[in-house]
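Novice: Dumping the structure here so I can ask a few things about it.
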Amino acid sequence: MHDFKYKKNRLYCESVDIEDIARKVSTPFYLYSYNTLLDHYKKLVSAFGPVKPLICYSMKANSNLALLRALVKAGSGLDIVSGGELYKALQAGCDPKKIVYASVGKTEAEIRQAVAKQILFFNVESFSELRVINKVASDLGVIASVALRINPDVEPKTHHYITTGKLTNKFGIDFKTAYNILQARGSFSHLKFNGLHMHIGSQIIQSTPYIQAIKKIIEFIKRVKIEGVTIEYLNIGGGLGIIYNEEKPQTAKEFASKILPLLKSTGLKIILEPGRFIVGNAGILVTKVLYLKKTPLKNFVIVDAGMNDLIRPSLYCAYHEILPLKQASGKREGLVKYDVVGPICESGDFLAKERKLPRIEEGEFLAVMSAGAYGFSMASNYNCRLKPAEVMVKGNQFYIIRKRDSYLDLARKDKIPEFLK
Ligand code: PLP
């Protein structure tokens, strides 16, 4: 599942002792395993092999250039959601013909940049957005390709913040509206309607919601075919879940075995947009224990990483396994119930609550596991904290793939107006 393993009681990433990195780089930092990243990508390629999908890694999960480059070199396309992501996707060397662009709120300027680059297609989320893409394509004298993002109204059984395919969510277009749009396709002179897209949510551990959604979309394709609409691509989005705790997500192979018969029946070119599945378990957050603090009701472990570094526990009450870099020696056997908290001035700043862990000591290092997806990409400078460094291990080498922020970075863009000087 991943390349973070204990060897002689010390946690290693591939062949590197993580504590050696911690001492050289200082904490907190994100650490990624190149092998794990590539292995997860290849697992999907192989599981869905019979339909030869284009896998567009969803770079919102983690957009570090080194990770993007590794995946692009392995053949991956990219799923983007902003002009900034387009910029980084191109910096990583991604072929624009392997870029798909979702987001309910693409600005005209962002659309212009993507049309000019002739990306594979926009995953379009509303009638109004179609008008803007059509206008921009007409201004530039080109044809832009679009896929309608369908909201199939299925329950993905995940956290409600990351449920995206219900009609109460802001995403996608309901079937009736999509049908009307396709009937009116002739009025969009500069658009090619060549795909359908869905993305029903994230951290989905069962294939059933996908099956329900794809079946509905297949019925829809049959209906519009009668109207003379030809669809070339079916993009089934991302969302495949990973193991954080005790959940048992289906493996890529299991997912594929359930979904492939449906996908094959469409005869369409298939696209997948996984993010978490590829990078989630390929990364950890390494942090140092600053203080132990016992109160009448709690045992707090105060670490040097906070919600600004990893917001998932605060935002979704997400579970991340916490492991010491050095496994407990005999003298500190036995489990203690801890709240592992950061230095931020919020009571919502925690990495784990009421967690039974081997007795912890001040000054030791901890690994917050499964932090590769929606970790650094959601990090902030809240409390004027420096965004952490990012490090990648390949074999027995490690590489700093993003420097830790400096104090200069914190003040660089602020401006004191003349009258205050
Ligand atoms: N595609 C779209 C449109 C998304 O919004 C997301 C995540 O929010 C993804 C793909 C990636 O999801 P995941 O990381 O769960 O695979």
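The values are calculated or read from the model by the stated rules, or taken from the named source; none is laboratory data. Since the structure is predicted, the reported quantities are computational estimates derived from the model, not experimental observations. Counting neighbours? That spans all protein chains shown, and the Cβs are built from the backbone with ideal geometry, glycine included. The area values use the complete protein model at the heavy-atom level, side chains included, leaving out ligands, DNA and RNA. Shrake-Rupley method; radii C 1.70, N 1.55, O 1.52, S 1.80 Å.
Novice: Of all residues in segment 104-118, which are under 19 Å from H199 (Cα atoms) and either surrounded by 20 or more Cβ atoms within 10 Å (Cβ to Cβ) or away from the ligand (no atom under 16 Å from the Cβ) (or both)? Walk me through it before giving the result.
Specialist: Step one: filter segment 104-118 for residues under 19 Å from H199 (Cα atoms), giving 104-106.
Residue satisfying the conditions is K106 alone.
Novice: So if I check each of K253, K288, K264, which one is part of a strand (DSSP E or B) and either touching a helix residue (DSSP H, G or I) at 6+ places or on another chain (Cβ under 8 Å) or within 16 Å of the ligand (Cβ to nearest atom) (or both)?
Specialist: The match here is K288.
Novice: Quick one: count up the residues across segment 83-94 that are within 13 Å of Y57 (Cα to Cα) and not in a helix (DSSP H, G or I).
Specialist: Result for segment 83-94: 2.
Novice: Sticking with this structure for a sec: Only one residue in T208, T177 is surrounded by fewer than 21 Cβ atoms within 10 Å (Cβ to Cβ), within 30 Å of E254 (Cα to Cα) and away from the ligand (no atom under 16 Å from the Cβ), so which one is that? Working first, answer last.
Specialist: Working: T177 fails: within 30 Å of E254 (Cα to Cα).
Residue meeting the stated conditions: T208.
Novice: Please go through (1) closer than 19 Å to G372 by Cβ; (2) open to solvent by 10 Å² or more (accessible area, probe 1.4 Å); (3) of a type in the set (D, E) for D95 and return the number of the only condition it doesn't satisfy.
Specialist: Here D95 meets the rest and fails (1).
Novice: Looking only at segment 364-421, count how many residues are within 16 Å of the ligand (Cβ to nearest atom) and open to solvent by less than 20 Å² (accessible area, probe 1.4 Å).
Specialist: The total comes to 5.
Novice: From G280, G237, G195, which residue is within 16 Å of the ligand (Cβ to nearest atom), within 30 Å of V340 (Cα to Cα) and either small (G, A, S) or in a strand (DSSP E or B) (or both)?
Specialist: None of the others qualify; the one that does is G280.
Novice: Filtering segment 230-247 down to residues that are touching a residue at least 40 places away in the same chain (Cβ under 8 Å) and closer than 23 Å to L191 by Cα, which residue is most open to solvent (accessible area, probe 1.4 Å)?
Specialist: Y233
Novice: Does segment 371-388 contain at least one residue that is modelled with pLDDT of 95 or more, of a type in the set (D, E, K, R) and part of a strand (DSSP E or B)?
Specialist: No - not one qualifying residue is present in segment 371-388.
Novice: Could you identify the single residue in I259, I302, I311 that is touching a Gly at 6+ places or on another chain (Cβ under 8 Å) and either on the phi > 0 side of the Ramachandran plot or among the β-branched types (V, I, T) (or both)?
Specialist: Numbers: I259 fails: touching a Gly at 6+ places or on another chain (Cβ under 8 Å); I311 fails: touching a Gly at 6+ places or on another chain (Cβ under 8 Å).
Just one listed residue meets the conditions, I302.
Novice: State which residue pairs qualify: first residue more than 17 Å from H40 (Cβ to Cβ) and inside segment 248-277, second residue open to solvent by 70 Å² or more (accessible area, probe 1.4 Å) and not in a loop (DSSP other than H, G, I, E, B) in any location, beta carbons under 7 Å apart, and separation of 6 or more residues or different chains.
Specialist: Between residues of segment 248-277 that are more than 17 Å from H40 (Cβ to Cβ) and residues that are open to solvent by 70 Å² or more (accessible area, probe 1.4 Å) and not in a loop (DSSP other than H, G, I, E, B), the close pairs are L260/P50; L262/K215; K264/P50.
Novice: Would you mention how many residues in segment 7-27 are open to solvent by 10 Å² or more (accessible area, probe 1.4 Å) and on the phi < 0 side of the Ramachandran plot?
Specialist: Of the residues in that region, 12 qualify.
Novice: Those residues that are surrounded by fewer than 14 Cβ atoms within 10 Å (Cβ to Cβ) and within 12 Å of the ligand (Cβ to nearest atom), I need them from segment 159-170; list them, please.
Specialist: Y161, K170
Novice: Another question about this same structure. Scan segment 271-297 residue by residue and report those that are surrounded by fewer than 24 Cβ atoms within 10 Å (Cβ to Cβ) and of a type in the set (A, V, I, L, M). I'd like the intermediate steps shown before the answer.
Specialist: At the first step, the residues of segment 271-297 found to be surrounded by fewer than 24 Cβ atoms within 10 Å (Cβ to Cβ) are 288-297.
Matches in segment 271-297: V289, L290, L292, L297.
A quick yes/no check of all residues on (1) free of Cβ contacts under 8 Å to residues at least 60 places away in the same chain; (2) surrounded by fewer than 19 Cβ atoms within 10 Å (Cβ to Cβ):
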position	(1), (2)
L130	no, no
A144	yes, no
P152	no, no
K157	yes, yes
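Novice: Here's something else I'd like to know. So for segment 43-50 (the condition being outside any helix (DSSP H, G or I), touching a residue at least 24 places away in the same chain (Cβ under 8 Å) and either open to solvent by 10 Å² or more (accessible area, probe 1.4 Å) or within 24 Å of D304 (Cβ to Cβ) (or both)), does at least one residue qualify?
Specialist: No, the conditions are met nowhere in segment 43-50.
Novice: In addition: Does segment 317-327 contain at least one residue that is touching a helix residue (DSSP H, G or I) at 6+ places or on another chain (Cβ under 8 Å), closer than 21 Å to L292 by Cα and open to solvent by less than 70 Å² (accessible area, probe 1.4 Å)?
Specialist: yes
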